[in-house]
Amino acid sequence: MAIWADKNTRVIVQGITGREGTFHAIQCRDYGTQVVGGVTPGKGGTTHEGFAVFNSVREARQKAGANCSLIFVPPPFAADAIMESADAGIELIVCITEGIPVNDMMRAHDFLRKSNARALVAGAMPSRLIGPNCPGIITPGQAKIGIMPGHIHSPGPIGIVSRSGTLTYEAVGQTRAIGQSTAVGIGGDPLPGTNFIDCLAAFESDPATEVIIMIGEIGGSAEEEAAAFVKNNVTKPVVAFIAGQTAPPGRRMGHAGAIISGGKGTAAEKMATLRAAGIHVVEAPSEMGSKAAEVWKGRR
Amino acid sequence: MKVHEYQAKEILRRYGVPTPRGIVAENADEARAAAKELGGRVVVKAQIHAGGRGKGGGVKLAKDADEAAELTKKMIGMTLVTHQTGPEGRVVRKVLIEEALNIDKELYLGITLDRRIGMPVVMASKQGGMEIEVVAERDPSAIHREPIDGVLGALPFQARAVADALGLTGDAYKKCVDFVQKLMRCYIDMDASLAEINPLLITKEGGVLALDCKMNFDDNALFRHKDVVEMRDLNEEDPLEVEASHFNLNYIKLDGNVGCMVNGAGLAMGTMDIIKLAGGQPANFLDVGGGASAEQVGNAFRIILSDKNVKAILINIFGGIMRCDRIAEGVVSASREVGLPVPVVVRLEGTNVELGKEILAKSGLPLITADGMWDAATKVVAAAQGK
């Protein structure tokens, strides 16, 4: 077991003939992921590096039986790619693209809500978006759907969810001896498709996951909302690190943005809230793995 | 991206949002001519990317064109210090000459993204002229929040709720409803991340105008707003940060003495945190991105070293797709090219890490290698302290 991605996941790559798309499609295939083709409008019917290329996601779904899409489309066109996948009934949409305008994502989320409502009525599976601006999702030994280095992962009981790419790798590196059930990068954008709570809920009901590592950062209030969720709904131990304890206030976040979150958003406040919810908060990023191992051994 | 008040108002006018009449001036003569055109009695407003200008002496009333010229002469070239500029202040290069109006009420109106609900929200308060953060702290109930659908824009009933919350009646009420809808349209169409009207002015004659305006834009959407990109004023940005942006390096200068070079924003923040935990102070945030080629590492070295406070540098790279041996080669060749006046601690992790460390060790350069983030942090802090 794992969450959302496993050896049966059939992946297509949107933007497969681009440089990034090509490189990572091959890397994912080499890892053992079922990459069943790619989409580049206008290049349908050809093959690229051994991958069947389709003109549209709808066509890829019909002809190759894809149920997951990995998006490398450039920022101006990425929201359209997400919506196209949702419309085609793709269940898992992983968007790697960094730099999508907020307004575009607002439209994409709106579209997803409506298309998921239609799916509900039709008795079909809804779409889950992971990202954008994220490393993707990996279930070690089964499927790598993203840009993370596959070889540092090993199958095991630690579930990882993170807003940061390289800090996810850091956590994976530190838990190499025990291994991971699934690692999800939810991305650093202000409007992510999948949030901490979605991942925490999925890890809680996943038998393969025994301990959860959650990596947050300053800004917004996603960590505070996650803390409340953990307190009421998660029985498995959670280890957390919040990046940005030394970040200067006021950079990147506009003043008015800071007040919306009710004065929240600093690392110190987030850490205190997480601790109050019974989460094992570590101060140094180097302690994520050792704390998870300690908690995991204590549980056995 | 931020713009000046006069630029933000230019954008507002395109959407029919009323503003006072105003003309930009760069010297006394231009100011005199502008004031004459505007009827003599004007306000001279220093144009810098920071709030609190009034208290710092950057907003002055002139009774006639000569006084406007006199005030402009004093203001241009002066260093304006406000609570938002920091102690170093900002040099004033332009002023906005604006018609003076008869103030009845000063209110507050702001739009920004509420991340929790994924929608823009209009904030309105009767306490105009005061910073919204201060209002929020003293009396949060004094702020009305109206979430708006980013696709539909401000619906009439929502704009009415805002005007109601501001306590307006009659003609001013109607004008405010129109103002809110137009401002929201502008915010959405222009891909703004902040549109703050503080104060929103109600004149004695019943007019509703944006007396001041602060606008920030979504950097990711600038590709479709070339006109906004042309408004960028590099004088308002830290020169090192501007230079870094030319190399696609995400750099933010801080006050400490330990320079950092890291791949990934989260790991870069985590590295700053662990330097602090080890007893040091980070000199910067720097994300070299996924590539970390020799050229990028060289650029990053030059930028970090142009901050004279830097006494040691920590390079923390998690080599994922990029192999550690390639990164090590990059670090070595960049070090040779730039020359290293301060100790450099290198922590590599990931693919081919042993090979990477070997390359660093054999280089003959004074590079200190580290295992893990904590080891790296303690070594670099010791090096910065001259130990």
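The values are calculated or read from the model by the stated rules, or taken from the named source; none is laboratory data. In this text, all values refer to a predicted model and were calculated from it rather than measured experimentally. With ideal geometry, Cβ positions are generated from the backbone for all residues, glycine too; neighbour counts draw on all protein chains shown. What goes into the accessible areas is simple: the full protein's heavy atoms, side chains included, and nothing from ligands, DNA or RNA. Shrake-Rupley method; radii C 1.70, N 1.55, O 1.52, S 1.80 Å.
What to note about this one:
- Sole exception among (1) modelled with pLDDT under 95; (2) among the hydroxyl-bearing types (Ser, Thr, Tyr); (3) open to solvent by 40 Å² or more (accessible area, probe 1.4 Å) for A:THR246, by number: (3)
- Matching option when the condition is without any contact (Cβ under 8 Å) to a residue 24 or more places away in the chain and not in a strand (DSSP E or B), among A:THR235, A:THR246, A:THR194, A:THR168: A:THR246
- Where B:ALA377 falls short, out of the listed (1) surrounded by fewer than 17 Cβ atoms within 10 Å (Cβ to Cβ); (2) in contact (Cβ under 8 Å) with a residue 60 or more places away in the chain; (3) of a type in the set (A, V, I, L, M): (1)
- Members of segment B:18-37 found to be within 24 Å of the chain's Cα centre (by Cα) and not in a strand (DSSP E or B), listed by number: B:THR19, B:GLU26
- Screening B:ILE197, B:ILE275, B:ILE202 for residues that are in contact with a strand residue (DSSP E or B) (Cβ under 7 Å, 6 or more places away or on another chain), outside any loop (DSSP other than H, G, I, E, B), at pLDDT 95 or above and farther than 30 Å from B:VAL121 by Cβ leaves exactly one candidate, B:ILE275.
- All positions within segment A:92-151 that are assigned to a loop (DSSP other than H, G, I, E, B), touching a strand residue (DSSP E or B) at 6+ places or on another chain (Cβ under 9 Å) and not small (Gly, Ala, Ser): A:ILE96, A:THR97, A:PRO132, A:ASN133, A:CYS134, A:PRO135, A:PRO140, A:GLN142, A:ILE147, A:MET148, A:PRO149
- Filter result (outside any loop (DSSP other than H, G, I, E, B) and among the polar types (S, T, N, Q)) within segment B:38-72: B:THR72
- Any chance B:VAL180 is farther than 15 Å from B:VAL121 by Cα and of a type in the set (Val, Ile, Thr): no
- Matching residues, segment A:10-23, being open to solvent by 10 Å² or more (accessible area, probe 1.4 Å), at negative phi and in contact (Cβ under 8 Å) with a residue 24 or more places away in the chain: A:ARG10, A:THR17, A:GLY18, A:GLU20, A:THR22
- For segment B:1-22, the candidate set comprises residues that are touching an Asp or Glu at 6+ places or on another chain (Cβ under 7 Å) and open to solvent by less than 50 Å² (accessible area, probe 1.4 Å); within that set, the residue that is nearest to B:THR72 (Cα to Cα) is B:GLY22.
- Positions within segment B:147-168 being more than 14 Å from chain A (Cβ to nearest Cβ), over 18 Å from B:TYR15 (Cβ atoms) and in contact (Cβ under 8 Å) with a residue 24 or more places away in the chain, in sequence order: B:ALA165, B:LEU166, B:GLY167, B:LEU168
- One residue alone among B:ALA283, B:ALA334, B:ALA312 is within 14 Å of chain A (Cβ to nearest Cβ), out of contact with any Cys (no Cβ under 6 Å at 6 or more places or on another chain) and open to solvent by less than 10 Å² (accessible area, probe 1.4 Å), and that residue is B:ALA283.
- Restricting segment B:193-213 to residues that are in contact with a Gly (Cβ under 7 Å, 6 or more places away or on another chain) and not aliphatic (A, V, I, L, M), the residue that is surrounded by the most Cβ atoms within 10 Å (Cβ to Cβ): B:SER193
- Filter result (buried (at least 22 other Cβ atoms within 10 Å of the Cβ), of a type in the set (Ser, Thr, Tyr) and assigned to a loop (DSSP other than H, G, I, E, B)) within segment A:152-165: A:SER164
- Within segment B:82-131, the set of residues being open to solvent by less than 30 Å² (accessible area, probe 1.4 Å), touching a helix residue (DSSP H, G or I) at 6+ places or on another chain (Cβ under 7 Å) and among the polar types (S, T, N, Q) comprises B:THR112, B:SER125.
- Condition check for A:THR182: within 24 Å of B:GLY270 (Cβ to Cβ), at the interface with another protein chain (Cβ under 9 Å from one of its Cβ atoms) and open to solvent by less than 20 Å² (accessible area, probe 1.4 Å): no
- Residues in segment B:215-266 that are outside any strand (DSSP E or B), touching a Phe, Trp or Tyr at 6+ places or on another chain (Cβ under 6 Å) and either open to solvent by 70 Å² or more (accessible area, probe 1.4 Å) or within 12 Å of chain A (Cβ to nearest Cβ) (or both): B:GLU241 alone.
- Once segment B:336-387 is narrowed to residues that are touching a Lys or Arg at 6+ places or on another chain (Cβ under 8 Å) and assigned to a strand (DSSP E or B), the residue that is nearest to B:ASP307 (Cα to Cα) is B:VAL345.
- Filtering segment A:29-47 to residues that are open to solvent by 40 Å² or more (accessible area, probe 1.4 Å) and part of a strand (DSSP E or B) leaves A:GLN34, A:THR47.
Each row is one residue, and each column tells you yes or no for (1) open to solvent by less than 60 Å² (accessible area, probe 1.4 Å); (2) at pLDDT 90 or above; (3) more than 30 Å from B:VAL135 (Cα to Cα); (4) within 11 Å of chain B (Cβ to nearest Cβ).
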residue: A:GLY263; (1), (2), (3), (4): yes, no, no, yes
residue: A:THR266; (1), (2), (3), (4): no, no, no, no
residue: A:ALA276; (1), (2), (3), (4): no, yes, no, no
residue: A:GLU283; (1), (2), (3), (4): no, yes, yes, yes
residue: A:SER286; (1), (2), (3), (4): yes, yes, yes, yes
residue: A:ALA292; (1), (2), (3), (4): yes, yes, yes, no
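- For segment B:84-134, residues that are within 14 Å of another protein chain (Cβ to nearest Cβ), among the aliphatic types (A, V, I, L, M) and within 17 Å of the chain's Cα centre (by Cα) total 2.
- Members of segment A:197-217 that are part of a loop (DSSP other than H, G, I, E, B) and open to solvent by 10 Å² or more (accessible area, probe 1.4 Å): A:SER205, A:PRO207, A:ALA208, A:GLU210
- The residues of segment A:94-114 that are out of contact with any Gly (no Cβ under 7 Å at 6 or more places or on another chain) and surrounded by 20 or more Cβ atoms within 10 Å (Cβ to Cβ), listed by number, are A:THR97, A:ILE100, A:PRO101, A:VAL102, A:ASP104, A:MET105, A:ALA108, A:LEU112.
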